[in-house]
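Reading through the structure tokens given below for one structure.
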Amino acid sequence: MDTREYIESGILELYVYGLLDDDQNVEISQMAKNHQEVHDEIVSIEKAIVDLSTGFCPYLSAETFEKIRSRLALKYEKAERKSSSNWGAYMGWAAALLFLLGIGYLYTELDDSNIQLANSESDKIKLQESVVKLEIENKQTESVLAVIRDDKNIMVPLGGQAVAPQASAKVYWNRETQAVYVDAAGLPDPPEGMVYQVWALKLNPLTPTSIGLLENFTADAHRMFPADATSDAEAFGITLEPVGGSASPRMEQLYTLGKV
Amino acid sequence: MTQDDLLVMISNKDKKAFTVIYDMYSKSLFTVILNLVRDREEAEDVLQEVFVKIWKNIETYNDQKGRFYTWILNIARNSSIDKLRSKGFNNNKKNLSADSFVHLLDDGSRMTNRIDTIGIRDFVKKLKPKCIQIIELLFFKGYTQQEASDELEIPLGTVKTQNRTCIKDLRNYLQL
């Protein structure tokens with residue numbers, strides 16, 4: 001049968017209508033592939049019948065389309081969840097767990113680092129403090145040494161008195177500059193609210209003149225304190241006085257005394 | 001858009017393919033469904049089912065066994081008949097409405113929204129009553145040639161040629 005006869009037989013219309021059996025369908029599909037005119041005829045028949053039926057269609061709301069789409073989206077999502085869910089879900093949870101663990105780990109790492117950083121900061125500050133402290137101590141030591149080594153200084157030893165027989169002190173006095181230093185290493189730390197006061201004494205008659213307080217007694221490890229200059233002292237004494245010092249010494253609280 | 005273009009989209013799992021199919025064929029299928037079911041709401045339900053079936057089974061379509069349109073047309077007819085059965089109709093095609101598809105035009109309220117793109121009313125006036133009957137039975141209702149021959153009381157051998165003549169008239173009118 002040639003294609004013209006085939007086309008005119010009307011079987012292609014039935015093919016488009018879906019009224020043929022499988023064998024006929026396969027045969028015509030094959031013919032349509034091999035013969036362009038058969039294919040074109042089929043397409044024209046289909047177009048005619050689609051146009052005809054479309055022309056009779058009453059109004060179809062866009063809502064219908066949206067309903068179908070939502071039904072499909074819903075079913076597809078559900079189906080996909082069912083088929084691949086366990087893998088996906090487990091992977092998802094595992095990933096989430098790993099992620100959380102990771103965050104936790106990083107957080108503790110960060111915390112550790114922060115602590116370490118804070119520790120190093122405080123270590124650094126402590127080091128700086130000790131360096132400064134050492135520098136101060138060094139300077140103090142240097143000035144103590146300078147005082148002791150200065151040939152122009154005379155050293156006046158002060159002996160323990162009635163209230164503190166074990167106490168002792170030394171006064172370094174520069175006759176030229178009249179500068180006075182007190183080495184109070186032999187004195188016990190003063191009790192709370194009390195302070196040592198240094199006196200330059202004239203002996204005849206006994207006239208005490210205050211030349212300073214040994215304030216911040218424990219601050220200097222060497223217990224070496226500068227005092228006010230004096231030109232004509234015959235002796236030096238140290239008494240324990242209330243904080244702020246006294247106008248005249250309380251002789252019953254005389255810790256040390258020494259004649260020049 | 002040709003069938004081949006459409007099949008490429010489908011095989012590429014292009015999500016636009018669904019919209020294309022719907023735009024191209026939903027009205028045609030709805031007319032087929034409504035002509036069988038004869039109830040607008042139920043026809044819309046069936047149309048939804050049909051498109052859900054089409055999309056879910058799209059990978060089973062085999063172009064060696066027929067046109068894509070033919071495949072979805074069969075789904076539409078079968079779903080409509082399932083709907084009728086569920087309502088108590090038996091499978092006897094004689095129980096289907098005696099009115100042909102042209103009666104779908106009778107409902108004036110629905111017509112107001114119709115865009116009469118092919119001048120369908122003019123065409124119906126010109127179309128031979130015999131053609132309306134034969135297209136109604138073969139295309140819209142899916143009768144076999146034998147069933148159509150019995151129904152129309154015409155020789156079995158002339159069913160497909162008479163149908164072809166009618167489709168030729170249609171194509172002439174549509175200039176296809």
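The values are calculated or read from the model by the stated rules, or taken from the named source; none is laboratory data. Just so we're clear, the structure is a prediction, and the values are computed from it rather than from any experiment. Quick reminder, even Gly has a Cβ in these numbers, built from the backbone with ideal geometry, and neighbours come from all protein chains shown. Each accessible area value is taken on the protein alone, full model and side chains, heavy atoms only, with ligands, DNA and RNA left out. Shrake-Rupley method; radii C 1.70, N 1.55, O 1.52, S 1.80 Å.
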Order by accessible surface, 1.4 Å probe, largest leading, for residues B:ASP169, B:ASP150 comes to B:ASP150, B:ASP169
If R0 = 60 Å, then A:GLU176 and A:ASN114, at their Cβ-Cβ distance, give a FRET efficiency to the nearest 0.05 of 0.50
Note on segment A:182-260: the mean projected area of its alpha-carbon convex hull, in nm², is 5.1 nm²
Taking the dipole of chain B about the Cα centre (Lys, Arg +1; Asp, Glu -1; charges at Cβ), the one of B:ILE58, B:LEU138, B:HIS103 that reaches farthest to the positive side is B:LEU138
For chain A the mean separation of alpha carbon contacts under 8 Å (6+ apart) over residue count, i.e. relative contact order in percent, is 13 percent
Taking every alpha carbon pair in segment A:125-255 and sorting the distances into 5 angstrom bins from 0 up to the bin holding the longest one, the percent per bin comes out as 2, 10, 20, 22, 20, 13, 7, 4, 2, 0, 0, 0
Residue-ordered couplings for segment B:51-62, obtained by feeding phi - 60° into the Karplus form 6.51 cos²θ - 1.76 cosθ + 1.60 and rounding to whole Hz (Gly and Pro as x), are 5, 5, 4, 4, 5, 6, 10, 4, 6, 7, 5, 10
In the protein assembly as shown the cysteines whose Cβ sits 4.7 Å or more from every other Cys Cβ are A:CYS57
Across A:21-27, the residue-averaged tally of Cβ atoms belonging to other chains within 10 Å stands at 2
Taking Cα atoms only, Rg over Rh for chain A with Rh from the Kirkwood formula is 1.90
Length gained, A:TYR107-A:ASP21, 0.36 nm per residue minus C-alpha separation, equals 23.9 nm
Under the Karplus relation with 6.51, -1.76 and 1.60 and θ = phi - 60°, whole-Hz ³J(HN,Hα) for segment A:250-260, x at Gly and Pro, equal 8, 5, 5, 10, 6, 8, 9, 8, x, 8, 6
Heavy-atom accessible area of A:VAL131, protein chains in place, probe 1.4 angstrom, given in Å² to nearest 10, is 70 Å²
Between A:GLU8 and A:LYS33, the FRET efficiency computed from the C-beta separation at R0 = 22 Å comes out, to the nearest 0.05, as 0.65
Computed D for the protein assembly as shown, Stokes-Einstein, Kirkwood radius over alpha-carbon pairs, 25 °C, 0.890 mPa s, to the nearest µm² per second, is 78 µm²/s
The rounded separation in angstrom of the Cα centers of segment A:89-129 and segment B:116-175 is 81 Å
Karplus-derived 3J(HN,Hα) from phi for segment B:145-155 (6.51 cos²θ - 1.76 cosθ + 1.60, θ = phi - 60°), whole Hz, x at Gly and Pro, runs 4, 4, 4, 5, 4, 5, 4, 8, 6, 10, x
Of the convex hull drawn through the C-alpha atoms of chain B, the volume per residue in Å³ is 138 Å³
So A:SER122 and A:SER246, fully extended at 0.36 nm per residue minus their Cα-Cα distance, gain in nm 40.4 nm
All alpha-carbon distances of segment B:1-55, grouped into 10 Å bins from 0, give the whole-percent distribution 24, 46, 24, 6
Here the convex hull volume per residue of segment A:107-184, taken over Cα atoms and given in Å³, is 133 Å³
A:ALA89 and A:GLU129 label points (each 7 Å along its Cα→Cβ direction) are spaced in nm at 5.9 nm
Correct response: the longest run of chain A lacking exposed trypsin sites (Lys or Arg not before Pro), defined by DSSP loop and at most 15 other Cβ within 10 Å, is A:1-151
Quick calc: nm separation of the 7 Å Cα→Cβ label points for A:THR207 and B:SER97 -> 14.2 nm
